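The values are calculated or read from the model by the stated rules, or taken from the named source; none is laboratory data. From a predicted model like this one, the values you see are computed outputs, not experimental measurements. Cβ: placed from backbone, ideal geometry, glycine included. Neighbour counts: every protein chain shown. When the accessible area is computed, the model is the full protein with side chains, heavy atoms only, and any ligands, DNA or RNA have been set aside. Shrake-Rupley method; radii C 1.70, N 1.55, O 1.52, S 1.80 Å.
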Amino acid sequence: MSLSDCKYGSNTHMDYTHSLHSLPMAENYGKRPVRTSFEVNTNLDIKWSLRNLRSISKVKVVSFLMGLTLTFLITASYILTWDRKGLLLTPSPYQLRPVVILTSTAAAEAPSGNDLIDMKLLAKNISSKLEYTPRKVPDEKDVVGTDSNLFSVFPRHFLHGIKSPCWYEEFSSERSTDLYRRNLFTRRSKTFKTVCDHLRTNFQQHLFHRGSKVFRLRCLPYFYIIGQPKCGTTDLFHRLLLHPEVKFNTMKEPHWWTRRRFGYIRFKDGFQESFPVEDYLDLFDLAAQNIQEGISGNASGDHRTLITGEASASTMWDNQAWSYLPSDREGAKPPFLAQDFIHTVQPGAKILIMLRDPVERLYSDYLYFTTANKSAEDFHQKVVGSVYLFQSCLSEGSLRSCVYNISLFNSMPVRLHLGMYIIFLLDWLTVFNREQILVLRLEDYAANLEVTIKKVFDFLSVGPLSQQGEAALTKRPISNTRRRADGNLGPMLPATRDFLREFHKPFNHKLASVLNNKAFLWSNT
């Protein structure tokens with residue numbers, strides 16, 4: 001997943017080493033000259049001094065004592081805010097207690113949890129809350145009502161005899177002069193801009209004429225690789241490109257369904273220019289032209305079987321945009337999810353999900369993003385802080401509300417909730433049939449690429465590769481590997497791994513149960 005498109009890269013990283021800061025009142029008090037009604041004369045008699053001391057205003061004495069008391073109370077309030085039930089100046093609903101930074105020596109002997117977190121109690125609480133009623137799927141008319149202009153672009157039915165979801169869109173010759181020039185994706189990808197230059201030169205010959213009208217073939221993805229981040233989606237994307245029946249868009253992660261159609265690229269930058277649906281459809285024009293060649297009989301082979309797809313690893317989990325949009329709705333959970341829109345447009349879509357041991361996924365995620373002072377100890381500190389924040393939320397809310405809580409997500413120093421796979425999967429299963437979703441494990445993909453990729457080919461109903469094609473696919477270098485500098489940091493601390501395993505255990509048990517596959521327990525990794 002590209003760094004420029006990742007929300008995590010925009011996070012303000014929290015420092016959990018707390019210290020008492022000097023208070024302005026205490027600081028200024030010592031610097032402010034104290035004016036009295038007499039001057040000190042070192043030659044005066046002591047009795048005379050004591051006698052004049054009584055002349056100091058009682059009001060000033062009281063003021064001094066009140067100031068001293070107030071300073072003490074403010075200092076005490078800073079200490080008390082380290083408790084969840086802080087009495088004064090509590091900064092947020094999910095205030096952290098101080099977390100000890102482990103040294104490399106102490107970390108080896110650290111317990112698997114933290115004194116502030118009872119992992120057994122937390123796991124029990126998670127397990128009890130995992131048995132919840134599935135979400136109520138919004139009515140299709142309500143989904144369409146969020147953006148009627150968007151849904152007016154898509155047909156109710158796609159062309160018969162073509163495997164990909166395609167249709168003919170009437171084309172006006174007036175638009176040909178501006179074709180692709182205003183596409184916002186060309187500003188984000190030089191590769192796509194180059195493809196657009198090529199598409200523009202061959203555009204006219206791929207138009208379809210019927211009477212006095214001219215049409216262009218438009219296509220949507222036949223399948224979506226929806227997640228998760230750091231689970232091998234980039235590698236799968238590039239290997240699938242080697243299959244002659246698969247024609248991808250030239251951008252792996254357009255992030256259109258989750259971010260760009262709302263006008264967000266990086267949430268820290270705020271609202272920008274929303275990417276029109278026409279710009280998104282342009283991403284698949286290269287495949288559409290290939291399919292049109294087959295329909296017109298201008299190409300050898302049956303191009304009608306060609307399929308296209310996209311691989312935005314945010315599609316499975318990212319519904320943050322709803323919290324940034326004006327709405328009368330209240331509550332932490334988004335009113336609509338990305339899958340509601342995809343299903344409304346193409347209920348027959350194929351969904352591919354790549355998962356990984358959530359413990360290892362989180363560490364890889366932490367190492368991927370460029371931050372200062374990365375270390376196994378720093379990771380441990382951030383993990384404990386994130387678990388504590390989640391525990392605090394869970395004590396007051398439901399499991400789903402905490403997983404989708406944007407404020408909580410923005411407060412976490414690591415993306416802990418992305419490993420709670422079952423919550424997102426259950427929500428996808430509310431709109432798509434189980435047969436439409438293929439869930440893979442990165443561990444199986446890495447251990448036996450040929451077997452796993454064959455499952456993908458069978459799922460997508462594409463033919464087997466030639467011997468030469470298989471050789472090219474298996475010999476292709478691994479994509480998106482860990483940077484050398486990050487690899488030098490070594491593995492996470494054993495204490496961190498044990499701590500995270502306990503946390504994710506109830507989520508994994510539910511996932512393995514739903515998928516009827518014990519491998520998703522990750523008990524042997």
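Can you pull the one-decimal nm distance between simple spin-label points at SER148 and ALA447, each 7 Å off the Cα toward Cβ?
If labels sit at SER148 and ALA447, their model points lie 5.4 nm apart.
Looking at segment 165-249, which trypsin sites (Lys or Arg not before Pro) are DSSP coil and have at most 14 other C-beta atoms within 10 Å of their C-beta?
ARG181, ARG182
Show VAL514, VAL359 ordered by accessible area, largest first, where the area counts protein heavy atoms only and the probe is 1.4 Å.
Of VAL514, VAL359, the descending order of accessible area is VAL514, VAL359.
Short version: what are the Cα gyration tensor semi-axes of segment 402-441, square root of 5 times each eigenvalue, largest first, in whole Å? Provide the component values of the computation, followed by the final result.
On the way: eigenvalues 125, 28, 6 Å².
For segment 402-441, the semi-axes come out at 25, 12, 5 Å.
Quick one: go through segment 246-262 and flag any residue whose amide nitrogen is under 20 Å from the point 7 Å out along the Cα-to-Cβ line of ARG187.
Answer for segment 246-262: 250-262.
Write down the accessible area per residue of segment 224-298 in Å², having rolled a 1.4 Å probe over the full set of protein chains.
28
Subtract the Cα-Cα distance of THR133 and SER323 from 0.36 nm times their separation in residues, and report this length gain in nm to one decimal.
Contour length minus the Cα-Cα distance gives 66.1 nm.
Out of every Cα pair in segment 119-521, what percent are spaced more than 38 Å from each other?
Numbers: 18396 of 81003 pairs.
Roughly 23 percent, rounded to a whole number.
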